[in-house]
1. When a/c reaches 1.5 or more, the comparison of a/b and b/c decides; with that in mind, is segment 165-307 rounded, prolate or oblate per its Cα gyration tensor?
2. For the chain, what is the mean residue ellipticity at 222 nm derived from helices alone (per DSSP H run of n ≥ 4: -39500 (n - 2.57); sum divided by total residues; nearest 500 deg cm²/dmol)?
3. Quick one: with all protein chains in place, what share of the accessible area of the chain is carbon or sulfur, to the nearest percent (1.4 Å probe)?
4. Span-like helices, the chain: DSSP H, alpha-carbon axial extent 24 Å or more, mean Kyte-Doolittle -1.0 or greater, which ones?
5. About the Cα centre of segment 110-250, what is the dipole size in debye to 20, counting +1 per Lys and Arg Cβ and -1 per Asp and Glu Cβ, all else neutral?
6. Using the crude model of +1 on Lys and Arg Cβ and -1 on Asp and Glu Cβ, and no other charge, please compute the dipole size for the chain relative to its Cα centre, in debye to 20.
7. Over the chain, with the other protein chains present, what is the accessible area per residue in square angstrom, probe 1.4 angstrom?
8. Please give the solvent-accessible surface of SER268 in Å², to the nearest 10, using a probe radius of 1.4 Å with every protein chain present.
Amino acid sequence: MPDSVPSIDPLAEIVTLLQPRAPFAKVVQGAGDWRVRREASGHVSHWLILTGEVSLTIDNRPPIILRKGDFVLAPASFGYTISNPDLLPSNPLRSLPQPQPDGSYRLGRPDGPPEVQMLVGHCVFGAPDAALLVSLLPEIVIVNGQDRLAALANLVSDECRANRPAREVILERLLEVLFIEALRATPQTAAPGLIQGLVDPRLAPALRAIHADPARSWTIADLAQTANLSRSPFCARFHRVIGVPPMEYLLNWRMTLAKDLLHKGRTSITEIATSVGYGSPSAFSSAFTRHQGMPPGKFAMGMVRAG
C-alpha cells in the first residue's frame, strides 16, 4: 500500500506563488455594430459577460459565443478579437472604447441602452518564474454560468475603480481566489495540465506527494506507488494527462521553489539546495544552471537589480 499523502493543494500553492495582480479592469458596454482587436500583450486577459452576448475569437481558434455569466481566463498570451455576434467576419470595422462619465467604456452606437455589458481586464504575475508556473495551467479557461465567479469578478472590478485603503492587498487576495475558482471550475474535457491531473484519481495523490515533499529523493517507482500503478502505465498516464513526464514535472517544481526563495533573498544557497532535494550546494547549482542558463547566485543578483 502507498504511504499516506499529506493534505497539500498544488493548485492553491501555484496560484499563491504566481502573485497575481490586477492593474487594469473595466466595465465595457456595447450596442449596434462593434469589434475590438487586441494583439498579444503578455498580459493575462479575462472576460466576464454581465448581460447580453459577444463573439470572442482567440488567435488560431474558432469563435466562441459568450453569454451572461460566462467567464474566460487566458493565462497565456494570445491576440484576440471580441465583437457583436451579429457582425459579419468580412466587415473590417474596428472600434475604440469611448470613456463614459460613470467610469465605464462604450463600444458601437453611442446612445440608447446597451445590448451587452462585460467586465474586461488583465492581470500580471509577480512571480520570478511566472512563465513556468503558467505552463502548468490550461491555455484557456472557459467557465459557463458560475455565480461565484461573477460575484468575485464584480468585486475585483469594484476594487479596481475605488480608492480605498489597502486596495492592493485586497486585489491580490481577490485575484488569488478568482484564479483558483476559475481553474477548479475548468471542465474535465480541457487540455492537458495540472487541473486535469488533480481530478484524476490515480495522479492526484502523486501530485500532492510531490508538492508535500519536494525535497524527497523521488523515483518513478515511488510516485507510481502513490498512484497504485506500475511504472510504465503511470508514466504514460502522467504524460498524457499533465503534458510532461513525471520527473520533468518534479524538476520544474523544484526549480520554481528555488527561484522563489532566491527572489526573496532570505535563504542561503545551502538551505535552498536542501529544501528542493539536492545533497549539496554544488549539485543544486549545476542543476539550476542547466535549467535556467545561469548559476543561482547570478539569478539572485538579477532579482535584486530588477527589484
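1. Because a/c hits 1.5 or more and a/b fails to exceed b/c, segment 165-307 counts as oblate.
2. Helices in the chain give a 222 nm mean residue ellipticity of -13000 deg cm²/dmol.
3. 54 percent
4. 167-184, 246-264
5. 560 debye
6. So the dipole magnitude of the chain works out to roughly 520 debye.
7. Per-residue accessible area for the chain comes out at 48 Å².
8. It works out to around 50 Å².
The values are calculated or read from the model by the stated rules, or taken from the named source; none is laboratory data. This is a predicted model, so every value here is computed, not measured. Cβ coordinates were reconstructed from backbone atoms using ideal geometry, including for glycine residues, and neighbour counts include every protein chain displayed. Quick note on the areas: whole protein, heavy atoms, side chains included, nothing else; ligands and nucleic acids left out. Shrake-Rupley method; radii C 1.70, N 1.55, O 1.52, S 1.80 Å.
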